[in-house]
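Since the structure comes first, as structure tokens, the remarks are kept for the end.
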Amino acid sequence: MNKSPVQKSLVAMAVAASALAMGSAQAEVKVGFLGGFTGPIETLTPPVYDAAQLAIQHVNEQGGVLGGEQISMPSGDTTCSDASAASNAADRLVNSEQVTAIVGALCTGATIAAANNAAIPGGVVMVSPASTAPAVTELDDNDLVFRTVPSDAFQGEALAKMLLEKGIDEVAVTYVNNDYGRGLADAFVATYEAEGGTVAENLAHEDNRADYRSELGTLSATGVPDLVVLAYGDTSGQTVVRQAYESGMFNRYIGADGMVISGLLDGVGEEVLNDSFIATRPGNPDSPGTERFVELAEAGEISHEAVFAGQGYDAAFLLALAIEQNGSAEREGLSEALRSVSSAPGEVILPGEWDKALELIAAGEEINYEGASGSHEFDEKGDVPGIVEEMAVEDGKFVSKGFLDK
């Protein structure tokens, strides 16, 4: 019997945990991982998890932290769409596993629920590689919630300008009715209309439904040939595009990061999407850090092209650097250490350069991590500017068409 991507990921998690347990009688340093292993981003989560695990592998293979301790990475499934599941998973990591910090969550609602109900009360730093909604910026988080991915306030603006530059000056929009979809739609519509575009219809839809033909009827009644779908490629986004195509509606489909995942290609079909789908996603710049990550990812046989993989690696490696800089596995002081290791000035540390970082930190020298997804000069809210990449489907796969100016 063939295993699904989710089953394979869960098996891999169990094997990794077992290997860590055999290699260390009692792992003293734990960095948790929160992701949507099931639910609307179940094909997006495994590559991000693999990238974070790769970062931890590089740390452990080069001497570990705090004089030789190995880092383990217990994980929790937020399901992405269930705030209770996210809160419960975070509570287990914070209060039962006693993690020092957390990579994640991935979906914005999960990050907010995990932060408010477990991480912030427990004083645990979270670094999300994928929570893009502007709502994360507004958290009253005691400087505990960071992200290695830019806010959708940035991506929505870039998407709007990209379409207008292509001469697409009228669209219909549908978005998944949650923090991610609303935040991205608001940012997109505001810029698109301010720059002269027309939104013929802007319609919310609920996730995880089998039929969106009613909403599609309203959207297609506008007569506009271009449909912007701001949702998840594993659930509502996939269904909306498939049913629109089956009904002969729209000539082109436009998305953002939540749609640039394998589930969309598998569920809709490359013959539908080839040359008729364009999107944006947070990208990795042309930089020494990105080049180094690509080499490491290929050596580790993980996907460096997957959306948020670079951000996942950076989140885990940054937390390891912060723990070393902080001098203990205690939670207190970690956010200050995180800001220190991620910011100029300091000797540049690239992905995988753990030995170099250890020597510099031991010598009392300042370091500045330049990662797979760029520089991480966190602002006062824990946000980074990042860059946005144009994507398209050609020959049955996602391809990059270059970076966008804001």
**OP:** Search the structure for amide H atoms under 5 Å from the amide H of residue 75, placed 1.01 Å from N in the peptide plane, and list their residues when 5 or more places away or on another chain.
**Re:** 33
Original post:
Short version: ³J(HN,Hα) in whole Hz for each residue of segment 78-91, in order, from phi by Karplus 6.51 cos²θ - 1.76 cosθ + 1.60 (θ = phi - 60°), x for Gly and Pro, what are they?
Top reply: 8, 6, 6, 9, 10, 4, 5, 4, 5, 5, 5, 5, 5, 4
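Report, in debye and to the nearest 20, how large the dipole of segment 43-181 comes out about its Cα centre when Lys and Arg carry +1 and Asp and Glu carry -1 on their Cβ. Intermediate values should be presented prior to the final figure.
Working: 4 positive and 17 negative charges, 36 e Å.
With Lys and Arg at +1 and Asp and Glu at -1, about 180 debye.
With only Lys, Arg, Asp and Glu charged, each at its Cβ (+1 for the first two, -1 for the last two), find how big the charge dipole of segment 181-292 is about the Cα centre; round to the nearest 20 debye. Mind dumping the intermediate values first?
Values: 7 positive and 18 negative charges, 19 e Å.
My answer is approximately 100 debye.
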Subject >> Under 5 Å, built H, 5+ apart or other chain: amide partners of residue 145 >> reply: 126
**OP:** May I ask which of 356/401; 30/381; 166/381; 356/397 have a Cα-Cα span longer than 28 Å here?
**Re:** 356/401; 166/381; 356/397
Subject >> List 257, 91, ordered by accessible area with a 1.4 Å probe, largest first >> reply: 91, 257
**OP:** Please give the solvent-accessible surface of residue 391 in Å², to the nearest 10, using a probe radius of 1.4 Å with every protein chain present.
**Re:** 10 Å²
Subject >> segment 198-273 - percent of accessible surface contributed by carbon and sulfur, probe 1.4 Å >> reply: 41 percent
**OP:** Counting only heavy atoms of the protein chains, get the accessible area per residue of the chain (1.4 Å probe) and round it to a whole Å² value.
**Re:** 38 Å²
Subject >> Listed residues 276, 375, 335, most fluctuating in the chain (Gaussian network, C-alpha, under 10 Å) >> reply: 276
**OP:** Starting at the first residue of segment 317-322, write each ³J(HN,Hα) from the Karplus equation 6.51 cos²θ - 1.76 cosθ + 1.60 with θ = phi - 60°, in whole Hz, x for Gly and Pro.
**Re:** 5, 4, 5, 5, 4, 5
Subject >> Given charges at Cβ of Lys, Arg, Asp, Glu: segment 178-237 dipole, positive-most of 196, 231, 216 >> reply: 216
Subject >> Which of 356, 397 is most accessible, then next, and so on - probe 1.4 Å >> reply: 397, 356
**OP:** In whole Hz, with x marking every Gly and Pro, tabulate ³J(HN,Hα) for segment 99-109 from phi via Karplus 6.51 cos²θ - 1.76 cosθ + 1.60, θ = phi - 60°.
**Re:** 5, 7, 7, 9, 8, x, 6, 9, 6, 4, x
Original post:
How many angstrom lie between the C-alpha centres of segment 47-113 and segment 168-232?
Top reply: 33 Å
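The values are calculated or read from the model by the stated rules, or taken from the named source; none is laboratory data. What you see is a predicted model, and the numbers here were worked out from it, not measured in a lab. Positions of Cβ are backbone-derived with ideal geometry, glycine not excepted, and every protein chain shown enters the neighbour counts. Just the protein is used for accessible areas: all its heavy atoms, side chains included, with ligands, DNA and RNA removed. Shrake-Rupley method; radii C 1.70, N 1.55, O 1.52, S 1.80 Å.
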